[in-house]
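Input: a single structure, listed below in structure tokens.
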Amino acid sequence: MKDLNRRSFLKKVGTGALTATALQGCTPENIKKASKVIGEMTYRTHPTRGDKVSLLGYGCMRWPLLEKPAADGNVIDQEMVNELIDYAMDHGVNYYDTSPVYIQGWSEKSTGIALKRHPRDKYYIATKLSNFSNYSRENSLAMYYKSFKDLQTDYIDYYLLHSIGGGGMKAFNDRYVNNGILDFLLEEREAGRIRNLGFSFHGAVEVYDEVLAMHDKVNWDFVQIQLNYVDWKHASGNNVNADYLYGELQKKNIPSIIMEPLLGGRLSGLPEHLVRKLKEKEPEQSVASWAFRFAGSPEGVLTVLSGMTYMEHLQDNLKTYSPLMTLSDDEKDFLEETAQLMLKYPTIPCNDCQYCMPCPYGLDIAGILLHYNRCINDGNIPKSSQDENYKKARQAFLVGYDRSIPKLRQASYCTGCDKCNPLCPQGIDIPKELHMIDDFVEMLKQEKAF
Ligand code: SF4
Ligand code: SF4
């Protein structure tokens, strides 16, 4: 204990374990006990390839950041990434999902450094061809080869065509077919440099059906879909209901990899009355654990990705999947009721993926939308000046807005240039929502009734 400073102690143990140990006295034995409250990780086996994959997969798009970038420009706190990955490995997590575009392009490098310290046959690396703005063959090939270099590997276990669907079949054909890249990737799989080839999907059902129909020719090894207890039957924006996406994969015996199990954090930050409802049913379980149990319960799910920035999140998810307690039919009904109640709160379906960034005018798009959502969940969006908590809600909204978003990055600076809209996988009409929020802010400032 005395060799650990406070920061590394917090990083190693996590605040969840600390809370548990605080009451019992902070001895090394108690810390060990707190981190051993979990059993064996649940694994799923790839139906055709035989890979044994941990049900919890590490999404590497939300690594902890440094206060100031390092000398090489890397913005990620490598020391903390190493500790999180070591802890995840120790507790059975063997799937790590990154992309050349995550965290301003630094995720692959940091993930590669941390993984390289472990035997290569102990984990699976997933990364993507994230050629969103330049579809040329040269650019796509350069991106592909850079992934190998940054990840310090000579093969990639799971390689994805990133976020297909947006822009319809035309964009799909331009990104992968007309430039010969799909043929190239099939040859790379043949040569063993790609072990499994698949795609992640956000978009119109017609694109999904058409790309899936290519299975006879391409033999997709897996597909990454958005699945959670709201999207199962009530997908919003341009997303497709997850029960359809999953069902189609099952018909073809293609395993599903799950993204957005928490619907961009909205299922862990539920409104207070829904939190109470979940806690009444399972007082010991976190709110997030319900969403993870839902996402992990279908048998055709190979792994569920979670972007765990803090040790506390990692420990909570490990607890949920070590082992998974599959949801009963009653529990599924209960979550469907919760989803319906949640839908009464019209939050904006932003999951903070940051694909719309940077905005040429400097707006913090995700920050603004997430602040609005938080205020909806906390009941701080007054409908009229007659609302009984109008004064408190108005102050909470305005003060929180100024604190979390610098003035020059607020919604009032949106010019409506529309550069962001085609990049949003959730199909949000970003300038429209920003203008709505700006009007709302102006009304609050003028203390007008809404
Ligand atoms: S529409 Fe608004 S938010 Fe989007 S890129 Fe243009 S200025 Fe930025
Ligand atoms: S607005 Fe869309 S693209 Fe931007 S962070 Fe939110 S979900 Fe991602």
Take residue 410 and decide whether it is surrounded by 12 or more Cβ atoms within 10 Å (Cβ to Cβ), within 15 Å of ligand 1 (Cβ to nearest atom) and farther than 30 Å from residue 240 by Cα. yes
Of the residues in region 335-371 that are within 22 Å of residue 231 (Cα to Cα) and among the β-branched types (Val, Ile, Thr), the one that is farthest from ligand 1 (Cβ to nearest atom) is 338
Of 309, 326, 320, the only residue that is crowded, with 22+ Cβ neighbours inside 10 Å and closer than 30 Å to residue 95 by Cα is 320
By residue number, the members of region 79-102 that are farther than 18 Å from residue 147 by Cβ and touching a Lys or Arg at 6+ places or on another chain (Cβ under 9 Å) are 79, 80, 82, 83, 84, 86, 87, 89, 94
Taking region 413-450 and keeping only residues that are farther than 19 Å from residue 352 by Cα, touching a helix residue (DSSP H, G or I) at 6+ places or on another chain (Cβ under 7 Å) and within 9 Å of ligand 1 (Cβ to nearest atom), one is left with 416
Filter pass, residue 374 being away from ligand 1 (no atom under 15 Å from the Cβ), surrounded by 20 or more Cβ atoms within 10 Å (Cβ to Cβ) and either touching a residue at least 60 places away in the same chain (Cβ under 8 Å) or more than 30 Å from residue 162 (Cα to Cα) (or both)
no
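Taking region 318-364, which residues are within 16 Å of ligand 2 (Cβ to nearest atom), under 18 Å from residue 261 (Cβ atoms) and not β-branched (Val, Ile, Thr)? Don't jump to the end; show me each part of the working.
First, the residues of region 318-364 that are within 16 Å of ligand 2 (Cβ to nearest atom): 346-364.
In the following step, the residues that additionally are under 18 Å from residue 261 (Cβ atoms) were identified as 347, 349-353.
Those that are within 16 Å of ligand 2 (Cβ to nearest atom), under 18 Å from residue 261 (Cβ atoms) and not β-branched (Val, Ile, Thr): 349, 350, 351, 352, 353.
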Quick check on region 328-339. Is at least one of its residues assigned to a loop (DSSP other than H, G, I, E, B) and more than 24 Å from residue 199 (Cβ to Cβ)? yes
Wholly inside region 365-450, helices (runs of 4 or more DSSP H) that include 2 or more residues that are within 30 Å of residue 201 (Cα to Cα) and within 16 Å of ligand 2 (Cβ to nearest atom) are 365-377, 430-445
Exactly one of 267, 274 is farther than 18 Å from residue 428 by Cα, modelled with pLDDT under 95 and part of a helix (DSSP H, G or I), and that residue is 274
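Residue by residue, here is whether (1) at pLDDT 95 or above; (2) of a type outside the set (Ser, Thr, Tyr); (3) not in a helix (DSSP H, G or I) holds:
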position	(1), (2), (3)
25	no, yes, yes
31	no, yes, no
41	yes, yes, yes
57	yes, yes, yes
70	no, yes, yes
88	yes, yes, no
108	yes, yes, no
118	yes, yes, yes
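The values are calculated or read from the model by the stated rules, or taken from the named source; none is laboratory data. From a predicted model like this one, the values you see are computed outputs, not experimental measurements. For neighbour counting, all protein chains shown are included, and Cβ atoms are generated from backbone atoms with ideal geometry for every residue, glycine included.
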